[in-house]
1. Identify the single condition in (1) among the charged types (D, E, K, R); (2) touching a Pro at 6+ places or on another chain (Cβ under 9 Å); (3) at pLDDT below 95 that residue B:98 does not satisfy, given that it satisfies every other one.
2. With respect to residue A:1, determine if the residue is closer than 20 Å to residue B:94 by Cα, touching a helix residue (DSSP H, G or I) at 6+ places or on another chain (Cβ under 9 Å), in a strand (DSSP E or B) and hydrophobic (A, V, I, L, M, F, W, C).
3. Just to verify a result, which residue in the stretch B:77-116, among those that are of a type in the set (S, T, N, Q) and within 11 Å of chain A (Cβ to nearest Cβ), is farthest from residue B:53 (Cα to Cα)?
4. So, residue A:140, is that one among the hydroxyl-bearing types (Ser, Thr, Tyr), crowded, with 17+ Cβ neighbours inside 10 Å, over 20 Å from residue A:50 (Cα atoms) and modelled with pLDDT of 95 or more or not?
5. Pick from A:12, A:34, A:74, A:62: which is within 10 Å of another protein chain (Cβ to nearest Cβ) and at pLDDT 95 or above?
6. Among (1) farther than 26 Å from residue A:126 by Cα; (2) among the small types (Gly, Ala, Ser); (3) touching a residue at least 12 places away in the same chain (Cβ under 8 Å), which single condition is residue A:67 missing?
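The values are calculated or read from the model by the stated rules, or taken from the named source; none is laboratory data. Everything numeric here is computed off the predicted structure, so don't read it as measured data. Here the Cβ positions follow ideal geometry from the backbone for every residue, glycine too, while neighbour counts run over all protein chains shown.
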Protein chains: 2
Amino acid sequence: MKLEAQWVTGFVDGEGCFHVGIAKHPDMAVGYQVLPEFTVVQHERDVQLLHGLKAFFGCGVVRRNHGERMAYRVRGLEQLSTQIVPFFLKHPLKSAKRQDFDKFRRVVLMIERGEHLTAEGLAHIRATANQMNRGRSRESPAPSETAEEQPSEIPCRVSSDPHER
Amino acid sequence: MKLEAQWVTGFVDGEGCFHVGIAKHPDMAVGYQVLPEFTVVQHERDVQLLHGLKAFFGCGVVRRNHGERMAYRVRGLEQLSTQIVPFFLKHPLKSAKRQDFDKFRRVVLMIERGEHLTAEGLAHIRATANQMNRGRSRESPAPSETAEEQPSEIPCRVSSDPHER
């Protein structure tokens, strides 16, 4: 499946998620690990779209997320900073998700500079992460409530649901 | 906001919904009215995207859907058959939603030919509508359960939700 850049931007405006997890990690000097992640989740019947995204970006993995849901995920810092971030800088998102991307990009830059290895830098990253993926749903937990406990969970609700009443 | 065709296709692959409602209507000879509808629902903070879609297609309305959710809707038969259907024929959807669109297009054609005014045609349309928007979520009611009672409700769940576990 060949995807076009503008289709990818439109689809990610609808279905994509930029998330920064912060997880306890005893081996790290500051006691925490920072885990930036770009994810697109789909019902398994559209898994070919996720493989299309993987081929398009040339990185990431497609895995079962939960039940009938599959996820395309990119977690590697190098892949995020050389593939994902440059793409969305060149092809800007049009939805409010763009603000999440901007914060995500700032966190990726901070990690590249090693700022996540200091208490001050970590506090800055945590403050930025806490501002992401807010206000999209009243049911969503704030990132600060979940990030430390469930680093692999995605606190953002990335989509609209006409059934939500 | 200027939108590109491929962005629109990608966004609708994620967030769009093609639906055929069948509602009781005593003034119709067959006792029912057929209501095809193209809808995109977003949180109100992205309402400018919905106005962008309205300008892009040159038809439809943007209205509050429920709570903080806004909806872009196209219901008019002429607008559906001259604007919406031709666009997605020229720029095919890449997700499983394409099969819903194909059925939606067939229903629009049947209505244009007046087939919804006969009992046989209505049964054909009902059978087609019942095959739409299936299997996307276990929580979704089957269209047949809602179409007659709530013609303005959208039975399809158009999006993935990472929180759904």
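1. Only one criterion in (1) among the charged types (D, E, K, R); (2) touching a Pro at 6+ places or on another chain (Cβ under 9 Å); (3) at pLDDT below 95 is unmet by residue B:98, namely (3).
2. Details: closer than 20 Å to residue B:94 by Cα: yes; touching a helix residue (DSSP H, G or I) at 6+ places or on another chain (Cβ under 9 Å): yes; in a strand (DSSP E or B): no; hydrophobic (A, V, I, L, M, F, W, C): yes.
So residue A:1 does not fit the description; no.
3. B:99
4. On the way: among the hydroxyl-bearing types (Ser, Thr, Tyr): yes; crowded, with 17+ Cβ neighbours inside 10 Å: yes; over 20 Å from residue A:50 (Cα atoms): yes; modelled with pLDDT of 95 or more: no.
Criteria not met by residue A:140.
5. Details: A:34 fails: within 10 Å of another protein chain (Cβ to nearest Cβ); A:74 fails: within 10 Å of another protein chain (Cβ to nearest Cβ); A:62 fails: within 10 Å of another protein chain (Cβ to nearest Cβ).
Checking each option against the conditions leaves just A:12.
6. Among (1) farther than 26 Å from residue A:126 by Cα; (2) among the small types (Gly, Ala, Ser); (3) touching a residue at least 12 places away in the same chain (Cβ under 8 Å), the lone unmet condition for residue A:67 is (3).
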